[in-house]
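Take a look at the structure below.
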Amino acid sequence: MGNNTSELLGQLKIDRDARTAPPPSQRGLIAGAIGAAGGLLLGALAVSLFTGAPSPAPQTTATIEPAVTPVSSADPSPAETSEPIPGAAVLNASGYITARRMATVSAQVMGLITSVDVEEGMRVRTGQVLAHLDDAKARTNLELAEAKVTVLRARLDSIVANLGEAHRQQVRYADLSDKHYSSRAQLTRSEADVQSLQAQRASARADIKVAQLEVQRQREYLNDLTIRAPFAGVVTVKNAQPGEIVAPSSAGGGFTRTGICTIVDMDSLEIQVDVNEAFIGRVSTGQKVRANLDAYPDWDIPATVAAIIPTADRAKATVRVRIAIDEKDARILPDMGVKVAFLQRDESVIEDLPKQ
């Protein structure tokens, strides 16, 4: 049994130094095959040279195997994480920068513009003069009302003087009547004169009061011809020029202006976006927002949801959301386009938010 095993192992051993040659019976077949292949190759080469066609280039096939990245069992994928990530965006929307305080300043009365004292981009303060209207007629009416007050006061002084004299006469007639030097009729007449002058004095005082009210009315009308800024802000639009007519409401035609200029309070700028009503449940008051202006897409502006308007737009199926800008900046301008991302709340932090 041991000898048979040694013989089998010896047969399996390969002698690398030995040169094995094919048997004589196969040498002819191998030579014939080589000759036939060489003939075919020479024939193909001759045909290629004769026809002038280029020999086809050998095709190479590349096999790309996808790289497999091992996934660590310690780091779960986002799909496997059930808890929301604080600070991650839960909803994206787009809107515009709007101003809560913006006014097109006009005149309370109709008049001819004599001067406009503002330009676009000018910053104005509360009560600053913006324009003047023609006030020549108003000044004349004011002077006339003041003159009437002067006349009535002079009339009152005359009545007061006559009343004093009537009082003195009444006293004299009363003394003479006691001594039987005057009649009873003279005494009663003097008393009637006193009462009449007292009534005239009261009427004169009332007339003066009416005249003073007329003076105040004419003075207010004159002040209305000077247009002033209702609040501090920046002039964004200049609507009128000197020589044009301004009116509080349109009077028809293209030559009547309804406003002098438009003022915007830059401290009241905020963001307004329309959120699809299907996703309004992801938005809440006090929620943090990241805003990016279309003009400065790489600039992250911190903001906070100020209010959710409690009504929906039936035509667009949206709900309007007001977003307060936390950091004011001069680069933020009204009507700029803005994109916002509503951030996920951190449920571990409980904040007391004011009710809107």
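The values are calculated or read from the model by the stated rules, or taken from the named source; none is laboratory data. Predicted model, so just to flag it, every value in this text is computed and none were measured. Note: ideal-geometry Cβ built from the backbone for every residue, glycine included; neighbour counts use all protein chains shown. Surface accessibility is based on the protein's heavy atoms, side chains included, excluding ligands, DNA and RNA. Shrake-Rupley method; radii C 1.70, N 1.55, O 1.52, S 1.80 Å.
See the values below:
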quantity	calculated
Some residue of segment 115-138 being touching an Asp or Glu at 6+ places or on another chain (Cβ under 6 Å), within 22 Å of D335 (Cα to Cα) and open to solvent by 70 Å² or more (accessible area, probe 1.4 Å)	no
Subset of segment 253-284 [among the acidic types (D, E) and either buried (at least 18 other Cβ atoms within 10 Å of the Cβ) or assigned to a strand (DSSP E or B) (or both)]	E270, D274
Where a residue in segment 115-132 is under 17 Å from G243 (Cβ atoms) and its partner, wherever it lies, is among the acidic types (D, E), with Cβ under 9 Å and at least six apart	L130/D117; A131/D117; H132/D117
Matching option when the condition is surrounded by 14 or more Cβ atoms within 10 Å (Cβ to Cβ) and of a type in the set (S, T, N, Q), among Q241, Q287	Q287
Candidate set from segment 94-108 (those that are hydrophobic (A, V, I, L, M, F, W, C) and under 12 Å from the mean Cα position of the chain (by Cα)); member that is most open to solvent (accessible area, probe 1.4 Å)	M102
Selection within segment 204-238 - in contact with a Ser or Thr (Cβ under 9 Å, 6 or more places away or on another chain), within 19 Å of Q108 (Cβ to Cβ) and open to solvent by 30 Å² or more (accessible area, probe 1.4 Å)	R228, P230
Wholly enclosed strands (runs of 3 or more DSSP E) of segment 296-350 bearing at least 1 residues under 30 Å from I263 (Cβ atoms) and of a type in the set (S, T, N, Q)	301-313, 318-325
